[in-house]
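We did not get these values from a lab; they are worked out from the coordinates using the rules stated. Owing to the predicted nature of the structure, the values given are computational and were not obtained by experimental measurement. Here the Cβ positions follow ideal geometry from the backbone for every residue, glycine too, while neighbour counts run over all protein chains shown.
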Amino acid sequence: MTLRLLRTGVARGAFNMGLDEAVLGSVSEGRQPPTLRFYGWNPPTVSLGYFQGLDDEVDREACRAAGVDVVRRITGGGAVFHDDELTYSVVIPERHPLARADIMESYRFLCSGLVDGFARLGLRAAFAPLNDILVDGRKVSGNAQTRRKGCILQHGTVLLGVDPERMFSLLKVPSEKLKGKLIQDIKDRVRGLDQLLGRRVGLDEAADAFADGFAAALGVELSLAEPAADELAEAERHAEERYANEAWTAKR
Amino acid sequence: MTVERVFKSPGTKLLRLTADIDAGAVRGLSMRGDFFAHPEEGFDRVEASLVGVTVAGFESAFRAALEREGVSLYGLDPADVANLIEEAARDA
């Protein structure tokens, strides 16, 4: 079994989300094989879960002032500040042998690729239902899944570094008084690879490790490719019509 | 009367509920949070369909709409939402 591997580097949030949706379309229509993609973010971007309220979660003025984009995902889950991280997405038809009908099993199976990748970096990680991965009880990865057009799309993050002060300067906090507690909470509960390994891990090194991890854990070969021209065009169209569209971002 | 509630239990994700409740019925409803629902647009339709239902019939209407739209929920329990709506109606 082979998965197409895309390594699309860093891009703006609206394009990143647009390309995940474009790949979902091309895999759904059989134009492309099941696909694993790695990417990063520039400028830094806050992504919101499908059901989250924009004004509940995001300080838009602070984001604008800091040059941080805001996008709403087509997946549920929580708000994420994407800056110093490796992001992956995987798209598989629901009838494919790698697909699991049960949502929890599906998360567990696809996250096994990440767990294997952490092992390659020297870290013993464990899946924590429904959608997290922990090392020594600390969160190192969050993941979100949707099912559309007969396909599973799962995307998620691996934190290369964490900056809780910066994160909470962009996300809403119930009160200034609580801000310190929330920052401490993230410091206690969340870890970047840099803290865990005592050295910086770059995007490429991380993508190498997790590509090998997915290949081993899922029992697949990876075939490195570039996104097809029609996928890139669709990604730009989705970016413009959906992800950079205020009506979508402010949907809730 | 518009009510705002924030709810989280060990088995659920965070829910931010805004509801307009008047004369024993739900006149407006917004459920926001980091929960999951598949398909997502189906949940949007479920939510919209609950405007106009009675407080007493809220949970059964919610469950029936989920069934009708074929929506599965993760981290959000209709019983919790119904309880919040009932509490809010009592306080009204």
With labels modelled as points extended 7 Å from the Cα through the Cβ direction, what inter-label distance (nm, one decimal) is found for A:ASP55 paired with A:GLU105? 4.4
Please determine, in degrees from 0 to 90 and to the nearest 10, the orientation of helix B:58-69 with respect to the longest principal axis defined by the Cα atoms of chain B, where the helix direction is its Cα long axis. 30
Calculate for chain B the 222 nm mean residue ellipticity that helices alone would give, adding -39,500 (n - 2.57) per DSSP H run of length 4 or more and normalising by residue count, nearest 500 deg cm²/dmol. -12000 deg cm²/dmol
If you average over every viewing direction, what projected area does the convex hull of the Cα atoms of the stretch A:19-122 give, in nm²? 8.1
What distance in nm separates the simple spin-label points at A:ARG189 and A:ALA229, each placed 7 Å from Cα in the Cβ direction? 4.8
Hey, got the dipole for chain B? About the Cα centre, +1 on K and R Cβ, -1 on D and E Cβ, debye to the nearest 20? 80
Measure out, as a whole number of angstrom, how far apart the alpha-carbon centroids of the stretch A:126-172 and the stretch A:50-123 sit. 5
Using the C-alpha gyration tensor of the stretch A:122-225, what are the square roots of 5 times its eigenvalues, in whole angstrom, with the largest one first? 29, 18, 13
Over 20 Å between C-alpha atoms is what I'm after, so list which of A:LYS172/A:LYS251; A:LYS139/A:LYS251; A:LYS187/A:LYS251; A:LYS177/B:LYS13 land there. A:LYS139/A:LYS251; A:LYS187/A:LYS251; A:LYS177/B:LYS13
The long-range amide H neighbours of A:GLN32, using H built 1.01 Å from N in the peptide plane and a cut-off of under 5 Å, are A:VAL27
Base-10 log of normalised Debye intensity for the stretch B:2-91 (one unit scatterer per alpha-carbon) at q = 0.20, 0.25 Å⁻¹: -0.90, -1.42
Under 9 Å from the Cβ of A:PHE210, count the other residues' Cβ atoms, weight Lys and Arg +1, Asp and Glu -1, and hand me the total. -2
Once you charge only the Cβ atoms, +1 for Lys and Arg and -1 for Asp and Glu, what is the size of the charge dipole of the protein assembly as shown about its Cα centre, to the nearest 20 debye? 480
Along the stretch A:66-72, Karplus-curve 3J(HN,Hα) (6.51, -1.76, 1.60; θ = phi - 60°) to the nearest Hz, with x for Gly and Pro, reads 8, x, 9, 7, 10, 10, 9
Which cross-chain or sequence-distant (5 or more) residues have an amide H under 5 Å from the amide H of A:LYS139, H modelled 1.01 Å from N in plane? A:VAL190, A:ARG191
Summing -39500 (n - 2.57) over every DSSP H run of at least 4 residues in chain A and dividing by its residue count gives a helix-only mean residue ellipticity at 222 nm, to the nearest 500 deg cm²/dmol, of -12000 deg cm²/dmol
Once amide hydrogens are built 1.01 Å from N within the peptide plane, the residues lying 5 or more places from A:THR75 or on another chain with amide H under 5 Å from its amide H are A:TYR50
Pairs of Cα atoms farther than 36 Å apart, the protein assembly as shown, %: 20
